[in-house]
1. Under a plain spin-label model, where a point goes 7 Å from the Cα along Cα-to-Cβ, how far apart in nm are LYS215 and ARG172?
2. Amide H neighbours of LEU170 under 5 Å, at least 5 residues apart or on other chains, H built in the peptide plane: list them.
3. Suppose we keep just the DSSP beta bridges with both residues in the stretch 70-197; what percent of those would be antiparallel, to 5?
4. Calculate, for GLN122 and VAL240, the FRET efficiency according to 1/(1 + (r/R0)^6) with r their C-beta to C-beta distance and R0 25 Å; round to the nearest 0.05.
5. Quickly work out the SER87-to-ASP185 label distance, labels modelled 7 Å from Cα along the C-beta direction, and quote it in nm with one decimal.
6. Quick one: Kirkwood hydrodynamic radius for the stretch 55-142, alpha-carbon pairs, angstrom, one decimal?
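Every number here is computed from the coordinates shown, using simple stated rules; none is lab data. Quick caveat, the model's predicted, so the values are computed rather than measured. Cβ: placed from backbone, ideal geometry, glycine included. Neighbour counts: every protein chain shown.
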Amino acid sequence: MPLTSPDVTSPGRLLREYFDREDGRIEERMRDLDKVRGLLDRLLEPDPAYPTAGVEPISDDIAPAVVQRLLHEASGVLRNVAMVVDSGPALDNTTLRDNQQWISDGNVQRTIYPAAILDTPQGLQWLRSWAGVGEEQRLLPHVGSEFAVFGDAGAVGLARWGDLSSGYVLVRDPLLISTLTAYFDLAWEHAHAVPFAASLPGDERLLELLGMGLKDEAIARFLGIGLRTVRRRVAALMSVHGVDTRFQLGAALAQRSPQTR
């Protein structure tokens, strides 16, 4: 009796292959980000006995003025990573107004936010208000630290990586600016497009939000629909695609079309 060859097109086999490929991509991305983060840790947190040239601590009261000056000096893309939207020099009224005017004048600002910004009405309002003036936005499930790179003019970041209580430093050193820029560009490449900015169809927007690990309540708030509607649409999509879990649903749809970036 001849041996039967495995069906290489079976859904189970295709899903396993997809999971293997995605696991490899995710691991490679995390390794890349960890390498750059390790370098930034060493450069931004040197031995106090040997301060790094081009890195200057700035007090909270002058931080807004420093940001305003860098805005006037900046050319090219302003790269910004935000951990929170309820503290920091960007909340100063004059700085906020100047920054939004800078974008409205045709300059490019890209900001990476943590996906948790969608969990509250205040965070969602912040996201929409900056998108309204032209800020380019993407989301990551988690954001490691907070900094802004003002083209080649300089950068402002947390004195200690990821520590919001550590205060801020002004970075003028070209190597550090280039390193922060490279870290941002790598993170931007792997971040999620904000669904309303990406103009995704309804179900794809829903799946994009599910893929970020958001709770149903946050998804309902973001899409402006009821919680029951979210759960009903997810259940309908699972039924259509013949899967039993939300993870399987995301994997099945990811096979059909590349993720929007």
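1. Rounded to a tenth, the inter-label distance reads 4.6 nm.
2. The list, which skips near neighbours in sequence, is GLU56, ILE58.
3. 60
4. My answer for the efficiency is 0.10.
5. 3.2
6. Computed over Cα pairs of the stretch 55-142, the Kirkwood hydrodynamic radius comes out at 13.7 Å.
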